[in-house]
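The values are calculated or read from the model by the stated rules, or taken from the named source; none is laboratory data. Computed from a predicted model, the values in this text were never measured in an experiment. Glycine gets a Cβ as well: all are built from the backbone with ideal geometry, and neighbour counts include every protein chain shown. Ligands, DNA and RNA are stripped out before the accessible areas are found, and what is left, the full protein with its side chains, is counted by its heavy atoms. Shrake-Rupley method; radii C 1.70, N 1.55, O 1.52, S 1.80 Å.
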Amino acid sequence: MEAGPYLAQTTQAGAPVELDGVSLSLPSAAGPVQILRDLNFRVESGERVAVTGPSGSGKSSLISVAAGLELPTAGAVRLFGQDLSKLDEDGRARLRRGRVSLVFQSFHLLPNMTAVENIAAPLEIAGRRDAAEVARAWLDRVGLAARGRHYPHQLSGGEQQRIALARALAPRPALLFADEPTGNLDAANAALVADLMFDLVVETGAALVLVTHDAVLAKRADRQVVLGDGRTVAAA
């Protein structure tokens, strides 16, 4: 029997994500810039980890490398036990599909799609025949059932981020990356989105890697990792 709309996929092999001795350098006009330096990082199934640190410390780059969007210059990255260096770009995309979701500060909704169509999009790509039904259930879960036919430009920032969160979790991923998900929101909407995000990852069982500057939000995670100059400088 197929899992319900709020149950995460739980059949993945290995920890959701592991970084072993990862370094990342990127080219610039002045020469290579070292972004990550011999970084070790691991998240267990269902665990919620906050990544904090000053701007430029490598937080967003950690997500890019951990999700396989960027390949490291040294070290190993494994998603669900799979070594990403052994996969090409298409292979990494296939590995992420339905298992890994991302939420960004800037929402990244498709402007020519309604709210419900945005949520349904990844389900349709995965071939789900019930994509529209599941999308409507998630729209209701994030408190926006009445906004399903609205386009992104007709929604507030807080509403757009709630749609983005529903879209990310509708496929029941085992791992959610959230990069400053409340960074563009006012205090009231930030609190609403944060509450919703933590409630939903608990309900779905998804592991969460949360990049944030918000110390209060970070304290809600099971543990915190603090980056500085591309390295782990503290962990709790």
Item checked: Qualifying residues in segment 155-173 (those that are open to solvent by less than 10 Å² (accessible area, probe 1.4 Å) and among the hydrophobic types (A, V, I, L, M, F, W, C)) - the one farthest from S45 (Cα to Cα) -> I163
Note to self: Within segment 188-203, does at least one residue satisfy the condition of being open to solvent by 40 Å² or more (accessible area, probe 1.4 Å) and not in a helix (DSSP H, G or I)?
What the structure shows: no
Checklist line | Top-ranked residue of segment 105-129 - restricted to ones that are at pLDDT below 95 and not in a helix (DSSP H, G or I), ranked as surrounded by the most Cβ atoms within 10 Å (Cβ to Cβ) | finding: F107
Note to self: Need a quick list: strands (runs of 3 or more DSSP E) entirely within segment 12-94 having at least 2 residues that are open to solvent by less than 50 Å² (accessible area, probe 1.4 Å) and over 24 Å from D214 (Cα atoms).
What the structure shows: 17-26, 74-79
Check: Hey, any hits in segment 201-209 for a residue that's polar (S, T, N, Q) and in contact with a Pro (Cβ under 6 Å, 6 or more places away or on another chain)?
Finding: no
Note to self: Step by step: first the residues of segment 205-236, then only those that are part of a helix (DSSP H, G or I) and open to solvent by 40 Å² or more (accessible area, probe 1.4 Å), then the one that is nearest to L39 (Cα to Cα). Which residue is that?
What the structure shows: A215
Checklist line | Residue list for segment 152-175, restricted to those being part of a loop (DSSP other than H, G, I, E, B) and not charged (D, E, K, R) | finding: L155, S156, A170, P171, P173, A174
Next item on the list: Specify which of the listed residues (R167, R172, R162) is of a type outside the set (V, I, T) and more than 28 Å from S55 (Cα to Cα).
Entry: R172
Next item on the list: Spot the failing condition for A178; the list is (1) hydrophobic (A, V, I, L, M, F, W, C); (2) open to solvent by 70 Å² or more (accessible area, probe 1.4 Å); (3) outside any helix (DSSP H, G or I), and only one is missed.
Entry: (2)
Notebook entry, point to check: When the residues of segment 140-154 are filtered to those that are hydrophobic (A, V, I, L, M, F, W, C) and surrounded by fewer than 19 Cβ atoms within 10 Å (Cβ to Cβ), which remaining residue is nearest to the chain's Cα centre (by Cα)?
Noted result: A145
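Condition check ((1) out of contact with any helix residue (DSSP H, G or I) (no Cβ under 6 Å at 6 or more places or on another chain); (2) β-branched (V, I, T)) across all residues:
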{"site": "A29", "(1), (2)": "yes, no"}
{"site": "D38", "(1), (2)": "yes, no"}
{"site": "V43", "(1), (2)": "yes, yes"}
{"site": "E47", "(1), (2)": "yes, no"}
{"site": "T52", "(1), (2)": "no, yes"}
{"site": "G56", "(1), (2)": "yes, no"}
{"site": "A67", "(1), (2)": "yes, no"}
{"site": "L71", "(1), (2)": "yes, no"}
{"site": "A74", "(1), (2)": "yes, no"}
Next item on the list: Mind telling me which of the residues S25, S55, S45 ends up being of a type in the set (S, T, N, Q), out of contact with any Gly (no Cβ under 7 Å at 6 or more places or on another chain), under 22 Å from S85 (Cβ atoms) and at pLDDT 85 or above?
Entry: S25
